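The values are calculated or read from the model by the stated rules, or taken from the named source; none is laboratory data. Since this is a predicted model, take the numbers as computed values, not measurements. Here the Cβ positions follow ideal geometry from the backbone for every residue, glycine too, while neighbour counts run over all protein chains shown. Just the protein is used for accessible areas: all its heavy atoms, side chains included, with ligands, DNA and RNA removed. Shrake-Rupley method; radii C 1.70, N 1.55, O 1.52, S 1.80 Å.
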Amino acid sequence: MGGHAPDHSAHGGRKDGIPLGKIAGIPVYLAYSWFVIALFIVITNGPPLAATSGLGLAGYLVAFAYAVLLAVSVLVHELAHAFSARMFGWPTDRIVLNLWGGHTQFESFTASPGRSVIVALAGPAANFALAGVAWPLVEARVFSGAADSLLNSAMWVNFLIGVFNVLPGLPLDGGRLVESIVWKATGSQEKGTIAAGWAGRAIVVALLALFIVVPWLRGDRLDFARTVIALLVCGFLWLGASAAINHATMRGRLRFVNARDLAEPAVGVPDTASVADALRLSPEGRPAVVVQDADGRPRAWVVPSSALAVPPEQQGTTPVTAVTAALAPGAYVLSSDGGQELIQYLARLDGGEYAVVDDAGVVTGLLRQQAVVSAITGKDARRSGHA
């Protein structure tokens with residue numbers, strides 16, 4: 001609930017859920033998973049409302065209204081994120097209400113520790129404000145019956161959403177405060193995110209102990225609905241915290257990703273060369289051989305096993321293009337390229353090999369996708385099945 005992140009992918013409205021329209025130009029969607037939590041609220045609250053309030057079947061409608069109030073409270077929370085982000089020129093792509101509350105998806109933006117905290121804490125602040133407005137009305141008994149029940153529910157829902165989201169660990173909004181403190185102290189957002197992710201994991205352990213382990217050790221009977229909610233929330237938090245840690249770890253590795261260091265040495269030959277010419281430069285497959293067209297653009301790379309399979313007496317007359325694998329159009333980068341820009345460019349290309357050239361257009365290396373994946377993940381891509 002209350003999560004926000006830059007958007008690096010294209011999503012259609014159908015995938016996001018049911019479009020509810022736009023608020024201040026921001027598209028709002030109701031994810032299909034929201035109906036799961038709505039059904040849960042109706043099932044757990046409907047029977048007691050029907051039995052004890054004299055509402056009968058109308059009690060189920062009041063229970064559904066609880067679910068709608070929760071969605072509205074979350075929407076206010078997410079709009080607070082979006083509107084505060086506008087102060088810093090961060091464009092909002094969409095807001096999605098879902099099983100776990102909701103999230104605000106921003107387009108690409110550049111954050112700072114201070115701005116990140118302001119945008120994150122704007123959500124809980126909005127919920128505290130709503131709870132503060134409802135409290136005197138509840139105390140004054142302005143309404144009665146179902147209306148009073150709904151107002152009381154709105155007050156507590158907003159208060160609890162606010163309290164829950166200021167807990168100091170990712171993926172909760174309070175985690176941005178931890179992230180920003182460490183970020184400011186170390187100069188590394190990645191270190192801040194990892195610290196906030198571990199804080200989020202610690203919160204999961206504390207919540208499990210508070211709501212399940214301690215009552216069980218005391219011999220208390222665990223409430224089924226409360227236990228299910230606790231397990232689902234803790235599972236969501238753990239996954240979110242782990243994802244934050246993993247993404248920050250990968251972001252930290254990006255600064256060490258550059259074409260020059262990851263590429264294997266290579267030489268270039270014109271597409272008019274023969275297999276013999278290629279083998280003369282690379283008798284054992286090292287360095288790699290990249291074939292260039294008449295304009296000097298890399299177009300293919302020599303497959304060593306194919307070149308060695310050509311009989312010696314035919315190597316001088318067999319064109320090198322007969323033993324190559326084609327590079328995708330544009331599959332070449334400068335040796336100085338690196339970081340996120342390099343990864344984003346390679347992600348748009350087909351194939352798994354890319355030529356590396358210097359500023360003068362001279363081939364210096366052959367970059368393989370598996371080397372890039374290994375550098376980002378810290379794992380051997382060949383063993384992981386990503387090669």
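In segment 84-142, the residue that is modelled with the lowest pLDDT out of those that are among the charged types (D, E, K, R) and open to solvent by less than 50 Å² (accessible area, probe 1.4 Å) is Asp93. Hey, does segment 33-49 have a residue that's at pLDDT below 90 and assigned to a loop (DSSP other than H, G, I, E, B)? No, the conditions are met nowhere in segment 33-49.
Only one of the numbered conditions (1) at pLDDT 95 or above; (2) under 30 Å from Leu254 (Cβ atoms) is not met by Asp380, and that is (1).
Restricting Asp220, Asp173 to residues that are in contact with a strand residue (DSSP E or B) (Cβ under 9 Å, 6 or more places away or on another chain) and of a type in the set (D, E, K, R) narrows the list to Asp173. For segment 66-79, the count of residues that are among the aromatic types (Phe, Trp, Tyr) and either surrounded by fewer than 19 Cβ atoms within 10 Å (Cβ to Cβ) or over 23 Å from Gly46 (Cα atoms) (or both) is zero. Could you look through segment 298-333, keep only residues that are buried (at least 16 other Cβ atoms within 10 Å of the Cβ) and assigned to a loop (DSSP other than H, G, I, E, B), and pick out the one that is nearest to the chain's Cα centre (by Cα)? Selected residue: Ala331. Return the residues of segment 334-375 that are in a strand (DSSP E or B) and under 28 Å from the mean Cα position of the chain (by Cα); say none if nothing qualifies. Matches in segment 334-375: Gly338, Glu353, Tyr354, Leu367, Arg368. Residue count for segment 334-359 under the criterion of being within 15 Å of Gln292 (Cβ to Cβ) and buried (at least 17 other Cβ atoms within 10 Å of the Cβ): the result is 5. Exactly one residue among Val204, Val290, Val213, Val228 is out of contact with any helix residue (DSSP H, G or I) (no Cβ under 6 Å at 6 or more places or on another chain), modelled with pLDDT of 90 or more and in a helix (DSSP H, G or I), and that residue is Val213. If you filter segment 172-192 down to residues that are surrounded by 21 or more Cβ atoms within 10 Å (Cβ to Cβ) and touching a Phe, Trp or Tyr at 6+ places or on another chain (Cβ under 8 Å), you find that the one that is farthest from Leu137 (Cα to Cα) is Gly192.
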